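Here is the structure we will look at.
The values are calculated or read from the model by the stated rules, or taken from the named source; none is laboratory data. Worth saying up front: this structure is predicted, and the values here are computed from it rather than measured. Heads up, the Cβs are rebuilt from the backbone with ideal geometry, glycines too, and the neighbour counts pull from every protein chain shown. Side chains included, ligands, DNA and RNA excluded: accessible areas come from the protein's heavy atoms. Shrake-Rupley method; radii C 1.70, N 1.55, O 1.52, S 1.80 Å.
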Amino acid sequence: SEANGQDDIKWINGSAGANGSWSLDVAMNQFSTYGSYNAHAYGTLRNGSTVFLGETTFEVDEPSWNIEIENQNEEAGTFDVVIRDIESASGVSQIQVPVWCEEDQNDIYWYTAERQSNGSYKVTVSIANHKYHAGEYKIHTYLTAGNGIKAFKEGPRGTMEAVHAKVEAKDATGEQKTYRVTVSNAGVFGDLSNVQFVIWSEANGQDD
């Protein structure tokens with residue numbers, strides 16, 4: 001490829017055809033960049049010497065797509081990243097979406113987008129996958145095309161507000177004998193196997 005000089009150069013034997021022709025089918029999954037490619041041909045004569053036969057070029061077009069954030073749910077701590085308007089000559093093999101909040105990426109999570117019936121791809125970002133960090137979320141997308149070459153595009157920034165379960169206490173009978181303490185929306189923190197309630201009076205600290 002033209003990118004980075006000849007760092008990806010490969011010498012591949014061709015196959016003889018009729019009337020002195022030789023050919024080669026170049027599998028693009030051997031390479032990693034889009035753009036212009038050079039093809040030079042060298043022949044080996046019967047006496048062992050090498051002769052330059054000629055050259056040509058060809059183009060491999062980089063895919064394009066759009067990225068949007070939809071369906072923000074503050075209570076659940078989720079939003080969708082939707083990849084649409086995809087143009088890729090060789091189709092789409094996979095789309096990966098790394099998302100993180102912290103600058104050092106200690107909360108990065110790699111999502112794999114799922115194809116939708118309308119041809120778009122979607123991931124649902126959950127604050128639970130990012131250590132429940134609130135703030136601005138960075139979104140990158142990596143599209144692996146059908147030819148095996150990966151392309152990159154940065155997405156818009158998302159935001160997450162801190163999520164909290166709702167805890168309430170009510171007098172169960174109105175006689176101040178029993179109080180019902182309830183926590184709702186606890187599922188935002190994952191699949192809980194147990195919840196402990198810690199109760200104490202304000203008087204004398206936590207002596208009770």
Could you compute how fast segment 118-170 diffuses translationally, taking Rh as the Kirkwood radius over C-alpha pairs and applying Stokes-Einstein at 10 °C with viscosity 1.306 mPa s? Give it in µm² per second.
112 µm²/s
I'd like the antiparallel share, as a percent to the nearest 5, of DSSP beta bridges with both residues in segment 77-176.
100 percent
Sorted by average packing, counted as other Cβ atoms within 10 angstrom per residue and highest first, what order do 130-143, 35-48, 100-113 take?
130-143, 100-113, 35-48
Length-normalised contact order for segment 94-180 - Cα pairs under 8 Å, 6+ apart - percent
24 percent
When each of Lys122/Lys166; Lys131/Lys170; Lys131/Lys166 is checked by Cα-Cα distance, pairs over 26 Å:
Lys122/Lys166; Lys131/Lys170
Residue-span extension gain [Lys150 to Ser23] - 0.36 nm each, minus C-alpha spacing
43.1 nm
Rough spin-label spacing in nm, given labels placed 7 Å along Cα→Cβ, for Glu103 and Ala89
4.2 nm
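Can you give me the relative contact order of segment 163-208 as a percent, contacts being Cα pairs under 8 Å and 6 or more apart?
Working: 40 pairs, mean separation 13.2, N = 46.
Contact order relative to length: 29 percent.
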Heavy-atom accessible area per residue, the chain, 1.4 Å probe: how many Å²?
68 Å²
Can you give me the relative contact order of the chain as a percent, contacts being Cα pairs under 8 Å and 6 or more apart?
15 percent
Among Phe58, Phe152, Phe189: highest mean-square fluctuation, GNM of the chain, C-alpha pairs under 10 Å
Phe58
Qualifying lysines (Cα of each under 20 Å from Cα of Lys10; at least 8 residues distant if same chain)
Lys150
Label of the coordinate-derived value, Rg/Rh (Cα atoms, Kirkwood Rh), listed as (i) 1.03; (ii) 1.40; (iii) 1.29:
(iii)
